[in-house]
Amino acid sequence: MRIHLLCPPATLQAPHVAPRHAPHHAAIVAAALREAGHTVQLADEHLLGRDLGQVVAAARAFAPDLVLFVHSDYNRKLHDDVLRAVSQAVADRVPAPLWGVARLDRSHALAAMEALPALDGFVYGEPEFGAVALAAALPGAVDALPATILRCDEGLVVTDPGPVDFNASPTPAWDLVDMEHYGFMPHQSPDGLVYPVLASRGCPFPCFYCEVRLRPNYIARSVDAVLAELNEVAARYDVGTVFLADPTFAVKREWAMEFCRRLPAEGPPGLRWSCMSRTDRVDAELLQAMADAGCFSVLFGVESLNPAALEAASKALDVTTVGPAVRAAKEAGLEVIVSLMIGLPGDSPEGVQRSLDQLIAMEPDFAQFFVVQVGADDVPEGTRLVSDWEGGKHEFWGHMLAPEAFEGRDQLEALRRLAFRRFYLRPGYVRSRLGRLAGARDRRAQVRRLAKGGLIAVKMAAGRAGR
Ligand code: SF4
């Protein structure tokens, strides 16, 4: 079967903002389908920036037997017009040719089906398994497949997910993806291309603003399976650096310790890696084990140092864990990035400034600041939406959210610019970054990295999109 995997554009309006993340789940689905014997084309239209006619032409020219639309956080605003045009363009070859596929839970997959009348069906849950089962069943009956939603004359018919073996998930088909055009941030990329690897999916924490909440529950692969993928990626793509793209690394401490213990001997020699975690999931021993296993950078999603804002955001993070975790990570030799959000419910402009003061005093290596953006259904009490659905500028897609204590969008954006200026344009900070270059082993790569990061910081401070 010929299968066109369509990652639709986040917008058809110029200017297009290059995506930061490669289409990871689409590449996994592509690999699983190829392993099952299918011929696959993967079109990340978000990266390609093509117009509607070109999107349709690319799908039709491939002469697919099935089109799989891959839903992601970049295209949460779903373009039924794009899907309808693609469906019509290939419908003369196959009836019911267009299915959605995504790591979504049942209720959000149902919402996608309702929002997108062009879709004939949807595979939800862990998408690679459902996509293979769907392709094997077509063109026959598909109403008995697990984790599917089928559009019928009578309405939507939903089936429950079945068991899956996450360790059987294949290494993503990165050969179908133009990796050098994705905008990994310099802190994740010490020297060139970075490949993402997922050791787990989902996250057990309930932060209200996080798109991970739309997804099925947390699952982790075995250490064996992750080491096998790391070795395969390193060998096949000549990779020296990976990004462990799990939403939260070290949800399970024992898993993380075993991984760090085994990686140096059983993984690719000299592999460097970065990850994201929470300050309440790490301790000095684990951070040292991570550094000893090649980890060079950890991003802590802190989001606020105001306990009232963390509580209102359901972040479930004890703010007293932040300082010790940042200190311990730095002592272990890791670069530390802290992420803060502006516009959390329960926060205020003064609260943001206080968080910033505390953050600067902790001296992480880098910081990132986002204005909270959510879907239209995620408006907590005491807040309101202050923008249309948009993205690019703040790198997530959604409506900007303003709690009562904030005047509105202009103030949120001004605070974000101020945060970048206050953090990155401190003379002492600039001096310390330059000073580190003197001792760097790979000075030329580090100069390039510093220049790229500095340019992004200046752009952010001026209120423009990074990259
Ligand atoms: S801890 Fe991080 S990944 Fe998990 S739900 Fe909260 S913001 Fe999302």
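No value in this document is a laboratory result; all are computed from the given coordinates. The shown structure was predicted, so the numbers you read here are calculated from the model rather than taken from an experiment. Note: ideal-geometry Cβ built from the backbone for every residue, glycine included; neighbour counts use all protein chains shown.
Per the helix-only calculation at 222 nm, which mean residue ellipticity applies to the chain, given -39500 (n - 2.57) for every DSSP H run of n ≥ 4 and division by its residues, nearest 500 deg cm²/dmol?
On the way: 15 runs with 174 residues, N = 467.
Calculated from helices alone, the mean residue ellipticity at 222 nm is -11500 deg cm²/dmol.
Let me know the shape class of region 161-243, please: from the alpha-carbon gyration tensor, a ≥ b ≥ c as square roots of the eigenvalues, rounded when a/c is under 1.5, otherwise prolate if a/b is greater than b/c, or oblate. Before the final figure, lay out each step's value.
Numbers: a/c = 2.13, a/b = 1.32, b/c = 1.61.
Oblate.
Pairing rule first: another cysteine's C-beta must sit under 4.7 Å. Under that rule, which cysteines of the chain stay single?
Lone cysteines by the Cβ rule: C7, C152, C203, C260, C275, C295.
Run the reach check for K330 against aspartates and glutamates, Cα to Cα strictly under 15 Å, same-chain hits fewer than 8 apart removed. What comes back?
Hits, sequence-local ones excluded: D283, E285, D292, E363, D365.
Take the alpha carbon gyration tensor of region 113-156, find the square roots of its eigenvalues, order them as a ≥ b ≥ c, and report rounded if a/c is under 1.5; if not, report prolate when a/b exceeds b/c, else oblate.
It is oblate, given that a/c is not under 1.5 and a/b is not larger than b/c.
R409 to L156: FRET efficiency via 1/(1 + (r/R0)^6), r the Cβ-Cβ distance, R0 51 Å, to the nearest 0.05? Intermediate values should be presented prior to the final figure.
Values: r = 37 Å, r/R0 = 0.72.
For R409 and L156, the calculated efficiency is 0.90.
Going by the alpha-carbon gyration tensor, a ≥ b ≥ c the square roots of its eigenvalues, is region 2-158 rounded (a/c under 1.5) or, if a/c is not under 1.5, prolate (a/b greater than b/c) versus oblate?
Numbers: a/c = 1.37, a/b = 1.32, b/c = 1.04.
Here region 2-158 falls in the rounded category.
Whole-Hz Karplus ³J(HN,Hα) for region 405-416, in order, using 6.51 cos²θ - 1.76 cosθ + 1.60 and θ = phi - 60°, x for Gly and Pro?
For region 405-416, the Karplus curve yields 6, 9, 5, x, 4, 4, 5, 4, 5, 5, 5, 5 Hz.
May I ask you to evaluate 6.51 cos²θ - 1.76 cosθ + 1.60, the Karplus curve with θ = phi - 60°, for each residue of region 24-33 and list the ³J(HN,Hα) values in order in whole Hz, giving x for glycine and proline?
Values, residue by residue: 5, 5, 4, 5, 5, 4, 4, 5, 5, 5 Hz.
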